[in-house]
Amino acid sequence: MIKKYLEIHPEVEKALKEKKAVIALESTIIAHGMPYPKNVETALRVEEIIRENGAVPATIGILNGKIKVGLTTEEIEYMAKSENVLKVSRRDIPFVVAQKLDGATTVAGTMIAASLAGIKMFVTGGIGGVHRGAEKTFDISADLEELANTNVAVVCAGAKSILDIGLTLEYLETHGVPVIGYGTEEFPAFYTRKSGFEVDYRVDNPEDLALAIRSKWDLGLDGGMVIGNPIPEEFEMDYDTINRAIKDALNEAEELGIKGKETTPFLLSKIKSITEGRSLESNIQLVYNNAKIGAKIAVKLSELY
Ligand code: PSU
Ligand code: MN
């Protein structure tokens, strides 16, 4: 039944059958998170890094209504260039599929597709979360709800301070989503290693993480896990510079009345232009770093199944 909606790339299908490590990758970061042509370059390099570290990449998106698990290079190019690719979270999937549209999947959308295909690990840059001012706007990313329910572990570089990091962590705690610091006690803030917030558990190697992930699901504790992997020091942004840029971007979004699903892409592109592209460079490097660690964890996890 589900098969009619999914199209799994033969290489991914083979790896899954052989219980090899497979990593899901999202396409919203390609279509709405980074400008062309850096988005294609990054997406393809991330796949390479995953292979170099022993896992098979599966970039996920919806094309002509088909949920594709493992986009080809040409399909990634198309996602990166086309103006008609929608941003697809849980609520959007049925319509994009039924109307045979093209959609780039968010963290939530990608987790759903990964889980349908049997992929346990997912690498990205940053997750969505509770937005600043959410007590008025109710803007809380559907990513958090997905993390609460869907069995996919997500490696990210933490949450950006376009979000309310404290409230995001509270939300995750309420929903029983473990938040791990990879080699750190502090939850990373995407562009910077520090956020001022502690993680629940620090883990220093892929083996220990794989054991915790396996234990969670063995016990029927459904839902995901957030693995916060800090950006490498050499690519980190200056704390004050990035926070000033974020503040300016937030002000502009408010003045222009940007709302709903437009908010995150708007802020990302504003921050990029305010920092003259330096935030984009950091963003790219942190994704590469996550790909490396994510693949290593996936390899260890595949040995446990
Ligand atoms: N953070 C980034 N880059 C991104 C996103 C978040 O640094 O591209 C994307 C992810 O796809 C994430 C989505 O799932 O934004 C969250 O959007 P929203 O806040 O509308 O749920
Ligand atoms: Mn939102």
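The values are calculated or read from the model by the stated rules, or taken from the named source; none is laboratory data. Everything numeric in this text was worked out from a predicted model, so none of it was measured. Cβ sites come from the backbone with ideal geometry, for glycine too, and all protein chains shown count toward neighbours.
Just a few scattered comments:
- Test: residue in region 165-176 that is in a loop (DSSP other than H, G, I, E, B), crowded, with 16+ Cβ neighbours inside 10 Å and either of a type outside the set (S, T, Y) or away from ligand 2 (no atom under 13 Å from the Cβ) (or both): no
- Residues of region 141-164 satisfying the condition of being crowded, with 23+ Cβ neighbours inside 10 Å and either touching an Asp or Glu at 6+ places or on another chain (Cβ under 6 Å) or polar (S, T, N, Q) (or both): S141
- The residues of region 232-264 that are among the aliphatic types (A, V, I, L, M) and within 14 Å of ligand 2 (Cβ to nearest atom), listed by number, are L250, A253, I258.
- Residue count for region 260-286, restricted to those that are in contact (Cβ under 8 Å) with a residue 40 or more places away in the chain, more than 10 Å from ligand 1 (Cβ to nearest atom) and of a type in the set (K, R): 2
- For V40: the one exception among (1) free of Cβ contacts under 8 Å to residues at least 40 places away in the same chain; (2) crowded, with 18+ Cβ neighbours inside 10 Å: (1)
Table: residues versus (1) near ligand 1 (Cβ under 10 Å from one of its atoms); (2) at pLDDT below 95; (3) under 29 Å from K296 (Cβ atoms); (4) not in a helix (DSSP H, G or I).
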position: M79; (1), (2), (3), (4): no, no, yes, no
position: K87; (1), (2), (3), (4): yes, no, no, yes
position: D92; (1), (2), (3), (4): no, no, no, no
position: A108; (1), (2), (3), (4): yes, no, yes, no
position: L116; (1), (2), (3), (4): no, no, yes, no
position: I119; (1), (2), (3), (4): no, no, yes, yes
position: G128; (1), (2), (3), (4): yes, no, yes, yes
position: D143; (1), (2), (3), (4): yes, no, yes, no
position: A148; (1), (2), (3), (4): no, no, yes, no
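- Check on E74, assigned to a loop (DSSP other than H, G, I, E, B), surrounded by fewer than 20 Cβ atoms within 10 Å (Cβ to Cβ) and either out of contact with any helix residue (DSSP H, G or I) (no Cβ under 6 Å at 6 or more places or on another chain) or without any contact (Cβ under 8 Å) to a residue 40 or more places away in the chain (or both): no
- The listed residue being within 16 Å of I293 (Cα to Cα), touching a residue at least 24 places away in the same chain (Cβ under 8 Å) and touching a Gly at 6+ places or on another chain (Cβ under 9 Å), out of I30, I8, I50: I50
- Number of the condition not met by P57 [criteria: (1) part of a strand (DSSP E or B); (2) over 15 Å from F122 (Cα atoms)]: (2)
Table: residues versus (1) touching a residue at least 40 places away in the same chain (Cβ under 8 Å); (2) out of contact with any helix residue (DSSP H, G or I) (no Cβ under 7 Å at 6 or more places or on another chain); (3) not hydrophobic (A, V, I, L, M, F, W, C).
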| site | (1), (2), (3) |
| --- | --- |
| S161 | yes, no, yes |
| I165 | no, yes, no |
| L172 | yes, no, no |
| V179 | yes, no, no |
| Y182 | yes, no, yes |
| Y191 | yes, no, yes |
| F197 | no, no, no |
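- For region 106-142, residues that are under 21 Å from F187 (Cα atoms) and out of contact with any Gly (no Cβ under 8 Å at 6 or more places or on another chain) total 9.
- Top-ranked residue of region 122-140 - restricted to ones that are within 13 Å of ligand 2 (Cβ to nearest atom) and without any contact (Cβ under 8 Å) to a residue 60 or more places away in the chain, ranked as surrounded by the fewest Cβ atoms within 10 Å (Cβ to Cβ): F138
- Among the residues of region 193-225, those that are on the phi < 0 side of the Ramachandran plot and part of a loop (DSSP other than H, G, I, E, B) comprise R193, K194, S195, F197, V199, D200, D204, N205, L219, L221, D222, G224.
- K38 falls short on exactly one of the conditions (1) touching a Leu at 6+ places or on another chain (Cβ under 9 Å); (2) within 19 Å of L63 (Cα to Cα), and that condition is (2).
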